[in-house]
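To start, the structure itself, in structure tokens.
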Amino acid sequence: MSSNIDPELVLLERELATRDLMEYIKYVFKYIYKKKFRENWHHHYLSAVLTDYMKGKIPLLLISIPPSYGKTEICVK
């Protein structure tokens, strides 16, 4: 992370993070964990399913993904 971060870009990313779960995940990895988020198709799918769950479209949800695929970071933290 370089020291010359554009504050307007940070505010834009923060605003996007409040509107979309996938953008929130990217924001957290970039600014909180200070790690590169290695995005994959299952992250987008899980994000969409969790969004539907939070909106009440899915009454009960069981997530079964192998270890080290980001369940804890995405679902719990």
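The values are calculated or read from the model by the stated rules, or taken from the named source; none is laboratory data. Just so you know, these numbers come straight off a predicted model, no measurement behind them. Heavy atoms of the whole protein, side chains included, go into the accessibility calculation; ligands, DNA and RNA do not. Shrake-Rupley method; radii C 1.70, N 1.55, O 1.52, S 1.80 Å.
Using heavy atoms of the protein chains and a probe of 1.4 Å, the accessible area assigned to V10 is about 30 Å².
Entry note, the chain: relative contact order of 19 percent, from Cα contacts under 8 Å with a spacing of 6+ residues. Only protein heavy atoms count here; on that basis, with a 1.4 Å probe, R14 has an accessible area of about 110 Å².
Helix 41-54 and the long axis of the chain differ in direction by around 70°, with both axes built from C-alpha atoms. Subtracting the Cα-Cα distance of I32 and I5 from 0.36 nm times their residue separation leaves 8.3 nm of extension gain. If you take mean projected area of the Cα convex hull in nm² from the coordinates, which of [x] 4.7; [y] 5.6; [z] 7.1 do you get? So the structure-derived entry is [y].
Is segment 1-42 best put as rounded, prolate or oblate by its Cα gyration tensor, with a ≥ b ≥ c the root eigenvalues, rounded for a/c under 1.5, and otherwise prolate when a/b is larger than b/c, oblate when not? It is oblate, given that a/c is not under 1.5 and a/b is not larger than b/c.
For the chain, the longest principal axis of the Cα atoms and the long axis of helix 7-19 meet at an angle of about 10 degrees. Heavy-atom accessible area, probed at 1.4 angstrom with all protein chains present, ranks S47, S68 as S68, S47, highest first.
Considering only protein heavy atoms, with the full assembly of protein chains and a 1.4 angstrom probe, order I74, I5, I58 by accessible area, largest first.
I5, I58, I74
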